[in-house]
Amino acid sequence: MLDATQILQSLVNGMGVGLIYGLVGIGFCVIYNASGIVNFAQGVFVMLGGMFTHTLLTRLGIPIILAAAIAIPLVAAAGVVVEFLIVRPMWNRGATLFAIILATLATQIMIERITILTLGDQPRTLNEFTAGGPLRIGGLAISYQIFWILGCGALLVGLLWLFFGRTRTGRALRACSQNREAAALLGVPVGRMLMIAFALSAALGAVAGILVTPTQYTAFNVGTPFGVYGFIAAIIGGFGSAGGALAGGILLGIFQALAIVTLGAGFKNVAALSMLLVVLLVFPNGLFAGLKGLLAGRSRSADAR
Amino acid sequence: MSAGSSSVGATVPQTATTSAHLFEARDVSAHYGRVHALKPTSLHVGRGELVTVLGPNGAGKTTLMRALTRLMPREGSLFFEGRDVSALKTHELARLGIIMVQEGRGLFGQMTVRENLSVGGFTRPHEDEKLETVFTLFPRLKERVDQISSSLSGGEQQMLAIGRALMADPKVLMLDEPSLGLAPKVATEILETLGELNRRGLGILLVEQKAPLALKLARRVYILTLGRVAAELPADQIGSHHDLARYYLN
């Protein structure tokens, strides 16, 4: 039987890893909104974030914050390369979205193979950004890295909110997601927006990868699970909604953590996929759009009475 | 018959690679798959001129506008301020000042009035000054500046679509059926505003089904039927619906 401490511990751990899923989910949404493409290579950006940081740290011996600060633009550049070499040529030749999405899946496999050849296949990890810990509150043990994840996650969400709401480029990206033709007719270079979207979502993936690696490990193949969980987070949130993806990620993380503590670690995937299936069956447009519709329906029927 | 072959008024000498008009399309045509929806069509808009394109449903008016702004593949040549701009993409044409308000308005429905206007000024500096100009023209937009655009009335949405286009500093403004779906009074108000903009010197290419309103404003008319220009004539030569029907049927 679970006690309150175990439940609280699961909530804290789930929230931390859920925020990572949320960041990956936002990465999916940023590209999807700018182009309609579901980028299945999103997970490799998470992997590259951790791998690049580890490589810079061990080979150059620079501080972890500096290594992270270099790794993020490197991964963003990798995102631009994927857009430039894989997506844009197909896009310009009028390939179907389905074909482009399959190409991103192939890209994920290709990047994983390149990573094995260049950086090796051995798992590796990073030290926690703040040594010591965990912080003990009653029976709870909270790793300092969780605070880094929550803090950086909140900061990133705030910065994204400012970017999409207050900057010309951010507004133009949102405009592209709502009506690409109208945006182009006003002078917005839709193709360049797609490149910016890839860079931004790759950078988000990299941050997620750097933040989460100290709590587990990174290797050439960690991109797939993070990609899948981020994808599920985005679907739960209503694909395309950045806020929904973040909330979906946190819900997914908490649900997984509770499933692990009650049923065992083997049920981690079962929990994630079950949650996805239930949400899709009950609210095909995502949990939050579904709940909003439900509430609006209730308020209409209350008004009618 | 292409418009180029039935020009009204003085013909301006021009070479094959330049144009004396503000905006000129030469033998522009477009296909939907195997369907030749727009046959080679030529038209032009002079500086400060308001030109209207009339035609029945399915005549190819929207296809013409989409082809001119390169929202769809097209053949033929396009000139702007004497320069060949045939190869430019949609957003590059917009940066030059060729701006189109789409049929159905094409608003960014999840964004506020202010955000829609801001995207309109994406390529231009001095956003605040332009906002004031738009708000002077359409005071109702100022009252609803923080409202989500999809919640505006049809007339307000059209005002926003035109205001957003003005933020992009157009030199030639193309409008595809701006009165579509609007109450007659609102449609008149919108078209009168277009007349005012034209009097201030803005070149306008107006596609419209409400012929009487458009004819009051326009100097010249292109009549489009079955994907080709059936006639080009001064607006005051069309006196009645019978005149128009004659062209539509011919």
Listed residue (B:GLY58, A:PHE147, A:ALA219) projecting farthest to the positive dipole end of the protein assembly as shown, Cβ model:
B:GLY58
What accessible area, summed over both chains, is buried at the A-B interface (1.4 Å probe, Å², nearest 100)?
2000 Å²
Hey, with R₀ at 22 Å, roughly what FRET efficiency would B:LYS142 and B:GLU196 work out to, going by the Cβ-Cβ distance, to 0.05?
0.80
Just how large is the dipole of segment B:107-169 about the Cα centre, in debye to the nearest 20, putting +1 at every Lys and Arg Cβ and -1 at every Asp and Glu Cβ?
160 debye
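How would A:ILE250, A:ILE260, A:ILE109 line up by accessible area, probe 1.4 Å, largest first?
A:ILE109, A:ILE260, A:ILE250
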DSSP beta bridges in chain B [antiparallel fraction, %, rounded to 5]
55 percent
Mind checking the dipole of chain A: about its Cα centre, +1 per Lys or Arg Cβ, -1 per Asp or Glu Cβ, Debye to the nearest 20?
680 debye
On the full set of protein chains, 1.4 Å probe, figure out the accessible area of A:THR215 and give it in Å² to the nearest 10.
60 Å²
Mind checking B:135-144 for the average number of partner chain beta-carbons within 10 Å of each residue's beta-carbon?
0
Hey, which of these cross-link pairs are over 21 Å Cα-Cα: B:LYS89/B:LYS130; B:LYS61/B:LYS216; B:LYS130/B:LYS171; B:LYS142/B:LYS210?
B:LYS89/B:LYS130; B:LYS142/B:LYS210
How far apart, in nm, are the 7 Å Cα→Cβ label points at A:ALA296 and B:ASP236?
5.2 nm
Could you please state, rounded to a whole Å, how far the C-alpha centre of segment A:185-246 is from the C-alpha centre of segment B:141-212?
39 Å
I'd like the carbon and sulfur percentage of the solvent accessible area for the protein assembly as shown, probe radius 1.4 Å, heavy atoms only, ligands and nucleic acids excluded.
61 percent
More than 17 Å apart: what percent of Cα pairs in segment B:107-169 qualify?
25 percent
Can you pull the mean other chain C-beta count within 10 Å for peptide B:88-100?
4
Per residue of B:104-116, what is the mean number of Cβ atoms on other protein chains within 10 angstrom of that residue's Cβ?
4
Could you point to the residue in B:VAL101, B:GLN147, A:LEU160 farthest towards the positive end of the protein assembly as shown's charge dipole, with +1 and -1 charges on the Cβ of Lys/Arg and Asp/Glu respectively?
B:VAL101
Among the residues of segment A:136-183, which ones have their accessible area go down by 20 Å² or more when all the protein chains sit together, as opposed to their chain alone (1.4 Å probe)?
A:ARG168, A:ARG171, A:ARG174, A:ALA175, A:GLN178, A:ASN179, A:GLU181, A:ALA182
Percentage of interatomic Cα-Cα distances in segment A:4-304 larger than 27 Å
42 percent
Using a Gaussian network model on chain A with a 10 Å cutoff between Cα atoms, which of A:GLY253, A:GLY191, A:GLY153 fluctuates the most?
A:GLY191
Mean shadow of segment B:14-173, computed from the convex hull of its alpha carbons, in nm²?
10.2 nm²
Accessible area of A:VAL157 in the full protein assembly, 1.4 Å probe (Å², nearest 10):
50 Å²
Could you give log10 I(q)/I(0) at q = 0.13 Å⁻¹ for segment B:108-227, computed by the Debye formula over C-alpha point scatterers of equal weight, without solvent?
-0.51
Taking the Cβ-Cβ separation of A:ASP303 and A:ILE62 as r and a Förster radius of 56 Å, what is the calculated FRET efficiency to the nearest 0.05?
0.35
Just the accessible area for B:GLU75, please: 1.4 Å probe, Å², rounded to the nearest 10?
90 Å²
Could you please put B:LYS171, B:LYS210, B:LYS130 in sequence from largest to smallest accessible area, using a 1.4 Å probe?
B:LYS171, B:LYS210, B:LYS130
With the dipole of chain A worked out from charges on the C-beta (+1 for Lys and Arg, -1 for Asp and Glu) around the Cα centre, which of A:ALA183, A:LEU281, A:MET51 lies farthest toward the positive end?
A:ALA183
Using modelled backbone amide H atoms (1.01 Å from N, in-plane), which distant-in-sequence or interchain residues come within less than 5 Å of B:ARG47's amide H?
B:LEU22
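Output the DSSP H helices from chain A with an along-axis C-alpha extent of no less than 20 Å and a mean Kyte-Doolittle hydropathy no less than 1.0.
Going by DSSP H runs, the hits are A:4-35, A:64-82, A:97-119, A:144-166, A:190-212, A:242-263, A:268-282.
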In debye to the nearest 20, the charge dipole size for the protein assembly as shown, taken about the Cα centre with +1 at each Lys and Arg Cβ and -1 at each Asp and Glu Cβ, equals 300 debye
Result for chain B: accessible area per residue, probe 1.4 angstrom, in square angstrom, of 42 Å²
Using only the Cα atoms of the protein assembly as shown, what are the Rg and Dmax in Å?
28.2, 93
Percent antiparallel among DSSP beta bridges confined to the protein assembly as shown, nearest 5, equals 60 percent
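Give me the accessible area per residue for segment A:1-157, probe 1.4 Å, as a whole number in Å².
46 Å²
For B:ARG144, A:ARG136, A:ARG113, write out the residues from largest to smallest accessible area, computed with a 1.4 angstrom probe and no ligands counted. Walk me through the numbers before you get to the answer.
Numbers: B:ARG144 65, A:ARG136 170, A:ARG113 120 Å².
Of B:ARG144, A:ARG136, A:ARG113, the descending order of accessible area is A:ARG136, A:ARG113, B:ARG144.
The values are calculated or read from the model by the stated rules, or taken from the named source; none is laboratory data. Since this is a predicted model, take the numbers as computed values, not measurements. Note that we place each Cβ from the backbone using ideal geometry, even for glycine, and neighbour counts take in every protein chain shown. Note: areas computed on protein heavy atoms with side chains; ligands, DNA, RNA excluded. Shrake-Rupley method; radii C 1.70, N 1.55, O 1.52, S 1.80 Å.
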